[in-house]
Structure formats: structure tokens, C-alpha cells
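What follows is a single structure, written as C-alpha cells, with notes after it.
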Amino acid sequence: MHELKAELQIKYHTITDFSSHVRKLVSPYSSYAKNIGFENVNKPNERVLLRFPDENYIISVDWNHIAVAVSGKTKDLDKYEGKLRFMYDLIEDIRELDTFEGIEFSVFRTWDLLPNIHSDADSFRETFFTESVPSLSNTNDCAIVIDGELTDSNLSFSTTFGPLDYPRDIERHNLSIFERSAFDHNNIDCTEGCLINSTLRSTSTSFDYLEVRKFLEANKRIINSIEE
């Protein structure tokens, strides 16, 4: 499996005076980021982008969400001292604001490429379809979209299958970061395979790196079920 890209978003209740705090919030990370960009300066919805191209990720923070986009490997995202350490620290700093009213939900999206998971159309049909069987002639280039809900005790998800139209679908899924394709970041010289786009949502209001671990474990279970 080739890990292409991951996005994590934590949505919190709108902080109306966020623009008066944002520079103090991000200043501890200015020496680590390659550069810092500001949008909507001095407006309530001011946004800051912290770019870390050497580690292939970007952090975005504004008045109602913090998000990170990562190109490539996602296995260490649940480690507090790993790639997302600055994001976890920022969340804690935002929590300490007097006008912070709590987290609403979080969303974890991943894009993975599974090369040649099924050698023929019959094998693909038997694995993924129980009732309505579409007409399939090639399973090397396919796309699977997963939409799931994660709770403390349950993982539920639905799946949609279809052909993978390369490179149009790659562009549509925005699989680029720092103006380079996720394929380039991972030295993937073959784009043939099954693109898995997974979206998992959690309504937990106590977000931390352990919540990311739940996302990663749930996503791994889904991918394993497809690979098997």
C-alpha cells in the first residue's frame, strides 16, 4: 500500500476574538516552520498557515478549526512527539483561551493507493459486491470512497466503488502539497491501482493524539478488509 495523503481537521465553536490571539498562538513555532502565511488579516476569520515542506505537511488554524495536511507516511501521526507535535500543542493553547467553548467534531481523511489488489474482475466482484454487480472489465484502475462514523465503541461506514480516471481524479482529490504530487513525494512511479479515499468522523469533544490513534486503527481495519 502507498500512503499518498492525509488530512486531519478539528472543528471547534467559533472564537470571535481569535484575530487578537493568533500571533501569540503561532509565534512559538515561527522558528520551526519554513514560512508562515496570514490570510484575512485583522478580520475575525483570520487564518494562519504554518508550512513545513521538509516534513511534507502544512498546519492551518483559524477562528473555528485547526487542520493539517500531510503528504506521504501517516503511521506516526498518533505519536505526541511525532510529525503533528506542533498541532497538538496548538490545540492545547487554543483550549486555554477564555473565549474557547469546546470542540464540536473531528474529521480524518486519507488517500491510499493499493496496486493490483485483484488480478481479475471476477475476484473483484466476489470481494466487494453481494447484490448488484456492475459491468467490470478492469480492476487495476478503480476508486473506492469510504464514508464512516467513529464512536468510542463502534465503527460504521459505507463504500462507493467506481473507475479511477487518472490523472483527472488525482487532480479532483487535490493530491498535491507544496505544488508537488503526492506520487512524487513517495517516489511512486506507477499510478495503476485502486485509490482508496477514506473519510472518518468523530463527535468526541476530548480530542488528543489518542483520538488520532483511533482514526488510524479504524482506517487500517478498513484497508485490511479491502486488501484481503
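Every number in this text was worked out from the coordinates using simple rules, so none of it is lab data. From a predicted model like this one, the values you see are computed outputs, not experimental measurements.
Some observations on this one:
- For the range 6-111, the convex hull drawn through the C-alpha positions has a volume of 96 cubic angstrom per residue.
- Pairs from LYS11/LYS34; LYS11/LYS220; LYS79/LYS214 whose Cα-Cα separation, in the structure shown, is over 21 Å: LYS11/LYS34; LYS11/LYS220
- Remark: the Cα gyration tensor places the range 1-46 in the oblate category, a/c being 1.5 or greater and a/b not exceeding b/c.
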